[in-house]
Amino acid sequence: MIDTEMHAEIEQLRSTLNDYNYQYYILDNPTVPDSEYDRLFQQLSALENKYPELITAASPTQRVGVKPIDGFQQVKHEMAMLSLGNAFNDDDLVAFDKRLHTRLNDDRPIIYACEPKLDGAAVSLLYQDGVLVSGATRGDGSTGENITSNVRTIGSIPLKLMGSGYPTTLEVRGEIYMPLKGFDALNEVALATGEKPFVNPRNAAAGSLRQLDPQLTAKRPLEFCCYSVGLVKGGELPNSHSEILSLLAQWGLKINSQSQQVVGIDACIDYYQQLSEKRHNLGYDIDGIVYKVDDIELQQDLGFVSRAPRWAIARKFPAQEEMTILEAIEFQVGRTGAITPVARLQPVFVGGVTVSNATLHNFDEIQRLDVRAGDTVIIRRAGDVIPKVAQVILEKRPPNTTLVKMPTNCPVCGSPASRIEGEAVTRCEGGLFCRAQQSEAIKHYASRKAMDIDGLGDKLVEQLVEAKLIANVADLYSLENQQLVKLERLGEKSVDNLLGAIESSKQTTLPRFLYALGAREVGEATARNLANHFCELPIIMQADFDSLIEVDDVGPIVAQHIVNFFSTEHNLEVIEKLLAADIKWPEILKPDASEQPLLGQTFVVTGKLERISRNDAKLQLQALGGKVAGGVSAKTTTLVAGPGAGSKLIKAQELGINTIDEDSLLSLLDSHK
Ligand code: IVH
């Protein structure tokens, strides 16, 4: 009797935990805090410890195996895991569609299932009576490795299928991959602990799956998403690929939310365009798109050729990684004197553009990569990110290479270069005496978000500095027509336009001007905060450390940079000249304290608001002197919580923070109108 009751209680706990797991990993929508999951998990563990005879392999407590193994066993795939033919452009896709029409002898448009091609490792999962019994890598397609203990640790892989109606034997195929957030976090830890970081999320996923100790795999942020079935016995599946995937989703497996069914090859091309645009916001790497004939009967008619199906094709994105030769390592000097090593490359087409330079960040990075001139390297360019050297192929290193040394003098002005302890950057100490720093400071001053001097591009700034016509930003305002027309490539008309643009830049705003001055770490947002806080330039220039850290988003480091900037003689001279050149901005009115009734209060808004937009709420609270922060902390005075509020509400309750709903927010705003 006791046993049956215990059994029921244990089963109940397992079922609840499985539900929570499903909401968390598959729906991406947890309904309880982690602490609740942990509490039930502990409860189940305790019961299972007491009644070990009731433990089952599919229990949520049994994800992480106890002991590491010596090696992986080989598994033969009963049905081979195939690869895909490739298409590299629209023409290849059109030709693919045409081949299918010819083979099927039917010119009606074909229905295709379009799916992202996930960039991870292919795996096969075998479910027997709905219970996960084994997991295997693809291997060479016919034989893979048994990685059952490792796949069991992955939260998005159900140990037991949900619902009913699944075939007795069901082989699910899909990709194990590492989302980018998890990948970055993993690499950050690797760098901090002196371990070698992973080159890309695919290697990280594949490497994590091949750990002999499942406890290690369990710590890696892996996900699984399925894209097809293999062996099916003892049950029927629907006769279209998309319906099969929907059914897999009903059984608790994860399918990709970007998948779409389309009619005809033109729609496939449109899908490619749409996904290319979204690609870098998906949160995980994809390397192309897979198109599959949706109708299973048509798939069977079309069959296979060598090791790939005739009914599917992968349209590849331009590769994000390519190999090339690093010809030299040179050093560039930036606006703040930072000396950055840059790799000069044999031009290579990667991520859709030709790349001939890649950043090496700093000397630590050079040492970490052990990169040398002459090396064969892998260049990675993902999205619009600056191309970087991801890896050196040591096997291809020519003889007699040496590790480059960080210069002890600035490569542009020859001043000493030094590296402050604890910082990664080496800086030229020449300050604005250094031509590189002069040019960079002027380029920044003229840039669109700063003083917005149209026509004063990077090349022209360098030309003007080179010709010694300007050495600092104030010199711009004494440039004359006769000096400029003498310059190469600058016609009368461009000179007039340029002088006009310089003249117009004199009408600006205080935030723009502050940003344009280019103090270290003072970006647009900080400049705006400084302007709104102090309202007047002289007050900002004289502000001390303590009053600066009062400003929104200004921490001790930024505050110290600002103090340093405004105590440097040269900077003060330049500012004086700029003001003498009549640069002006509209006055910022200091708000009257009586109009700032929410001064000193910090609000956080969470959940859904129905009668006021979140942004309006924010603006109105700020107009009354309140601060609006993104996250709840001890500094929060009030949390505005609409329906659907989650972790922020819980945190606020834990911290005992005053919480109000939308109605109370509106009456609060109203009462100060
Ligand atoms: S279908 C017979 N669908 O691409 C069909 N594969 O070259 C076989 N992959 O090793 C695969 N995303 O790891 C398919 N949505 C997707 C995919 C996908 C990624 C990988 C898979 C396979 C390789 C095929």
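Quick note: the coordinates plus some simple rules give every number you see, no bench work behind them. All values derive from a computational prediction rather than experimental measurement. Ideal geometry is used to build each Cβ from the backbone, glycine not excepted, and the neighbour counts take in all protein chains shown.
Taking a ≥ b ≥ c as the square roots of the eigenvalues of the Cα gyration tensor of the range 332-467, is the shape rounded (a/c under 1.5), prolate (a/b larger than b/c) or oblate? It comes out oblate by the Cα gyration axes.
Rg of the Cα atoms in the range 363-412, relative to 2.2 N^0.38 Å, amounts to 1.31.
Once the C-beta distance of Ala190 and Asn281 is scaled by a Förster radius of 22 Å, the resulting FRET efficiency is 0.30 to the nearest 0.05.
At a threshold of 8 angstrom on Cα-Cα distance, excluding pairs fewer than six apart, so keeping six or more, what relative contact order does the chain reach in percent? Mind showing how you got there, number by number?
Details: 1140 pairs, mean separation 56.9, N = 673.
Computed over the chain, the figure is 8 percent.
Let me make sure I get this right: for the range 8-74, a, b and c are the square roots of the gyration tensor eigenvalues over alpha carbons, sorted descending. Under 1.5 in a/c it's rounded, otherwise prolate if a/b > b/c, else oblate. Which is it? Verdict is oblate for the range 8-74.
Once you have the Kirkwood Rh of the range 470-517 from its Cα pairs, apply Stokes-Einstein at 37 °C and 0.692 mPa s and quote D in µm²/s. Don't jump to the answer; show the numbers that get you there.
Details: Rh = 11.9 Å.
Approximately 276 µm²/s, per Stokes-Einstein.
The calculated FRET efficiency for the pair Met79 and Asp544, based on their C-beta separation and a Förster distance of 56 Å, comes to about 0.15.
What's the whole-number percent of alpha carbon pairs in the range 246-285 lying beyond 11 angstrom?
Numbers: 555 of 780 pairs.
In whole percent, the share of Cα-Cα pairs in the range 246-285 beyond 11 Å is 71.
So which of Lys618/Lys673; Lys459/Lys577; Lys608/Lys648; Lys278/Lys608 end up more than 18 Å apart by C-alpha? Where the Cα-Cα span goes over 18 Å, the pairs concerned are Lys459/Lys577; Lys278/Lys608. Calculation over all alpha carbon pairs of the range 1-159 in 5 angstrom steps from 0 returns a P(r) of 1, 7, 12, 14, 14, 12, 11, 10, 7, 5, 4, 3, 1, 0, 0 percent.
The ellipsoid equivalent to the alpha-carbon distribution of the range 531-673 has semi-axes of 37, 18, 12 angstrom, derived from the gyration tensor eigenvalues as √(5λ) and listed largest first.
For the range 143-299, the square roots a ≥ b ≥ c of the C-alpha gyration tensor eigenvalues yield an a/c of 1.5 or more together with a/b not exceeding b/c, which makes the shape oblate.
The 3J(HN,Hα) values that the Karplus relation (6.51, -1.76, 1.60; θ = phi - 60°) gives for the range 222-237 are, in residue order, 9, 9, 10, 9, 9, 9, 5, 10, x, 5, 9, 9, x, x, 10, 10 Hz. Gly and Pro appear as x. Over the residues of the chain, the helix contribution to mean residue ellipticity at 222 nm works out to -10500 deg cm²/dmol, using -39500 (n - 2.57) for each DSSP H run of at least 4.
As a footprinting exposure proxy, order Leu498, Leu27 by other Cβ within 10 Å, with the fewest listed first. Let's see the in-between values first.
Details: Leu498 21, Leu27 10.
Listing Leu498, Leu27 from fewest to most nearby Cβ atoms yields Leu27, Leu498.
The distance between label points at Gln42 and Leu579 comes to 6.3 nm (points 7 Å beyond Cα on the Cα→Cβ vector). The mean sequence distance of close C-alpha pairs (under 8 Å, at least 6 residues apart), as a share of the length of the range 421-495, puts its relative contact order at 22 percent.
Take 561-572, 10-21 and order them by the average number of nearby Cβ atoms within 10 Å per residue, most first; the result is 10-21, 561-572.
Pairs of Cα atoms under 8 Å, at least six residues apart: use those to get the relative contact order of the range 570-630, whole percent. Numbers along the way, then the final one.
On the way: 41 pairs, mean separation 23.9, N = 61.
Taking the mean separation of contacting Cα pairs over the length of the range 570-630, I get 39 percent.
Evaluated over the Cα positions of the range 38-124, the convex hull gives a direction-averaged projected area, one quarter of its surface, of 11.8 nm². Entry note: the chain has Rg to Rh equal to 1.03, where both radii use alpha-carbon atoms and Rh is the Kirkwood radius. Bridgeable aspartates and glutamates around Lys627 (alpha carbons under 14 Å apart, same-chain partners fewer than 8 residues away excluded): Glu550, Asp552, Asp553, Asp616. In this simple spin-label model, placing a label point 7 Å from the Cα along the Cα-to-Cβ direction at both Asn481 and Ser494 gives a separation of 1.8 nm.
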